[in-house]
Amino acid sequence: MGWVQEVKTVSTFPPATTFASWRPGVETARIMADPLVSPKGWNSAVAMVVYFMNRQGKRLREDHRIELTKAKRLLQLWRDHGRLQSDFLGAAENILRTESA
């Protein structure tokens, strides 16, 4: 039994499709940034994304891993530079494009 199967705490309830493979990373980040989903703040949101990625392990498709990595990076940028302002969102997406190039 892996360590993630032993976790019994349920502190938040993200919508069922939050980590769906068809969902872009930006949408996942917006959902996770909601205080109702991540009441403990940004670090909690990032931790939940990382937790999901680790739990999926090798079963996580590469394109889905890329989108979740974008979501994680966006959450980190929002945490460090500002909340979900539309002008910042565009700048953050540009940063992600340059990082992946």
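A short reminder: the numbers here are calculations on the coordinates, not readings from a lab. Small disclaimer: the values here were computed from a predicted structure and weren't measured. Ideal geometry is used to build each Cβ from the backbone, glycine not excepted, and the neighbour counts take in all protein chains shown.
Some points to look at:
- Put in line by how crowded their Cβ is, counting other Cβ atoms within 10 Å and starting with the fewest, Glu62, Glu27, Glu67 read Glu62, Glu27, Glu67.
- Placing a pseudo-label 7 Å from each Cα along the Cα-to-Cβ vector at Tyr51 and Asp80 gives an inter-label distance of 2.4 nm.
- As a rough footprinting exposure proxy, the listed residues Ser21, Ser44 were ranked by other beta carbons within 10 Å of their own, and the order from fewest upward is Ser21, Ser44.
- Ordered by the count of other Cβ atoms within 10 Å of each Cβ, fewest first, Phe52, Phe19, Phe13 give Phe13, Phe52, Phe19.
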